[in-house]
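What follows is a set of notes on a single structure, which appears directly below.
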Amino acid sequence: MQRESTITDTRATLTDTRRISRDVSIITLRCPEVAEAAEPGNFVNVRVSDTTQPLLRRPFSIHDAEGDEIRLMVKEIGKGTEIFCGCRPGTELSILGPLGNRFSVEADDYDTALLVSGGIGTAPMKLLERRLRAKGKTIVNLIGGRTKTDLLQDGLSDCRLATDDGSEGLHATVLALLAQELPALCAAGRPRVFACGPTPMLKAVAAFSREQKIPSEVSLESVMGCGFGICYGCSVEVAAPEGGTKTVLLCREGPVIDGGRMV
Ligand SMILES: Cc1cc2nc3c(=O)[nH]c(=O)nc-3n(C[C@H](O)[C@H](O)[C@H](O)COP(=O)(O)OP(=O)(O)OC[C@H]3O[C@@H](n4cnc5c(N)ncnc54)[C@H](O)[C@@H]3O)c2cc1C
């Protein structure tokens with residue numbers, strides 16, 4: 001979570017769109033400067049259309065980065081994501097990034113990385129897994145969704161699954177899955193939790209990790225405008241080191257925060 005990323009405002013060429021579920025696509029963009037600088041947890045702010053509809057850029061976590069390309073995992077929830085997922089190979093887009101901070105891959109207090117994600121929260125996990133593997137860490141993915149089509153594994157390793165409706169994996173939340181798997185995982189090595197997903201899930205995972213005395217960090221989401229601290233659209237309340245709470249801008253001090261700072 002330490003280093004701030006370098007910001008590049010650049011043109012990217014969309015080279016591929018692959019639909020992996022009813023409403024989620026993996027979009028590949030050729031943008032060498034961003035791909036080279038990308039760190040797990042960073043995001044890009046994409047201008048999905050040259051018109052004023054939508055007016056603002058849309059933020060997306062960097063799902064993976066390899067060579068001169070990055071991949072994004074995009075869920076269609078409104079106009080901007082619908083336009084983006086409909087873009088054809090060859091489309092040129094303006095993107096800003098990499099933005100935000102990153103997960104603490106380099107921390108030396110763990111051997112086993114528990115990647116806990118819910119729904120589209122799986123988006124930052126592929127690049128995180130790639131960098132953790134390079135550090136020689138053991139990696140376990142704990143993935144939750146409402147139903148089996150919400151489980152977005154996209155080539156992640158050692159995936160343990162949970163669904164709210166029991167259609168695949170454990171019939172429970174991803175938190176219950178984490179609680180179930182934790183004793184065996186703790187016996188195998190010191191764990192650290194890296195989580196991304198809906199805010200209620202992140203609050204529960206952070207609280208559980210605190211109780212279990214396991215270090216955790218969570219990647220938060222909020223509605224966001226500029227992506228670099230001018231518009232103040234992404235302010236969130238977090239615990240202040242001196243006690244009480246304080247307001248931070250997620251685009252600058254996040255999206256990754258220490259689980260202990262969740263309020
Ligand atoms: C740091 C960050 C990283 C993100 N990474 C990803 C990612 O990797 N993949 C991905 O699919 N999405 C990601 N998102 C969310 C994504 O930016 C929004 O889904 C997108 O901006 C919606 O644009 P739209 O025009 O399609 O929807 P809109 O038409 O703007 O909104 C449609 C509906 O969704 C709601 N909405 C919009 N944005 C959000 C949001 N951030 N959280 C909850 N509800 C929202 C609106 O209030 C509205 O009800 C991320 C957001 C942030 C802040």
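The set of residues from segment 207-236 being among the hydrophobic types (A, V, I, L, M, F, W, C), within 13 Å of the ligand (Cβ to nearest atom) and over 24 Å from Ile139 (Cβ atoms) comprises Val223, Met224, Cys226, Phe228, Cys231, Cys234, Val236. Checking every residue in segment 30-39 against the condition of being touching an Asp or Glu at 6+ places or on another chain (Cβ under 6 Å), in a helix (DSSP H, G or I) and under 20 Å from Asp154 (Cα atoms) gives at least one match.
Residue count for segment 47-79 satisfying the condition of being without any contact (Cβ under 8 Å) to a residue 60 or more places away in the chain, within 9 Å of the ligand (Cβ to nearest atom) and either touching a helix residue (DSSP H, G or I) at 6+ places or on another chain (Cβ under 9 Å) or among the aliphatic types (A, V, I, L, M) (or both): 8.
Evaluate the following for Arg190: is it out of contact with any Lys or Arg (no Cβ under 7 Å at 6 or more places or on another chain), surrounded by fewer than 17 Cβ atoms within 10 Å (Cβ to Cβ) and touching a residue at least 60 places away in the same chain (Cβ under 8 Å)? Step through it out loud before you land on a result.
Working: out of contact with any Lys or Arg (no Cβ under 7 Å at 6 or more places or on another chain): yes; surrounded by fewer than 17 Cβ atoms within 10 Å (Cβ to Cβ): yes; touching a residue at least 60 places away in the same chain (Cβ under 8 Å): yes.
Criteria met by Arg190.
Considering Asp9, Asp50, the condition of being surrounded by fewer than 20 Cβ atoms within 10 Å (Cβ to Cβ), assigned to a strand (DSSP E or B) and at pLDDT below 90 is satisfied by Asp9 alone.
Rundown of residues vs (1) within 16 Å of the ligand (Cβ to nearest atom); (2) touching a residue at least 24 places away in the same chain (Cβ under 8 Å); (3) not hydroxyl-bearing (Ser, Thr, Tyr), yes/no style:
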position	(1), (2), (3)
Arg131	no, yes, yes
Gly136	no, no, yes
Thr149	yes, yes, no
Leu182	no, yes, yes
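Residues that are hydrophobic (A, V, I, L, M, F, W, C), more than 14 Å from the ligand (Cβ to nearest atom) and under 23 Å from Val248 (Cβ atoms) were ranked within segment 80-118; the one that is farthest from the chain's Cα centre (by Cα) is Ala107. Just one of the numbered conditions (1) on the phi > 0 side of the Ramachandran plot; (2) small (Gly, Ala, Ser); (3) not in a loop (DSSP other than H, G, I, E, B) is not true of Gly121: (1). Screening Ala184 on (1) closer than 17 Å to Pro215 by Cβ; (2) over 19 Å from the mean Cα position of the chain (by Cα) shows it passes everything except condition (1). Only a single criterion out of (1) on the phi > 0 side of the Ramachandran plot; (2) crowded, with 19+ Cβ neighbours inside 10 Å; (3) in the same structural domain as Leu177 (by TED's automatic domain parsing) is not satisfied by Gly41, namely (3).
Checking the stated criteria, Ala204 turns out to be within 19 Å of the chain's Cα centre (by Cα), more than 13 Å from the ligand (Cβ to nearest atom) and in contact (Cβ under 8 Å) with a residue 24 or more places away in the chain.
Residue under question is Phe60, and the condition is that it be surrounded by 14 or more Cβ atoms within 10 Å (Cβ to Cβ) and either in the same structural domain as Arg146 (by TED's automatic domain parsing) or assigned to a helix (DSSP H, G or I) (or both); does it hold? For Phe60, the condition - surrounded by 14 or more Cβ atoms within 10 Å (Cβ to Cβ) and either in the same structural domain as Arg146 (by TED's automatic domain parsing) or assigned to a helix (DSSP H, G or I) (or both) - is not met. Is it fair to say Arg210 is within 24 Å of Glu106 (Cα to Cα) and surrounded by fewer than 18 Cβ atoms within 10 Å (Cβ to Cβ)? Yes; evaluated as a whole, the condition is true for this residue.
The values are calculated or read from the model by the stated rules, or taken from the named source; none is laboratory data. Bear in mind that the values here come from a model prediction, so they are computed numbers and not experimental data. We place every Cβ from the backbone using ideal geometry, glycine too, and count neighbours over all the protein chains shown.
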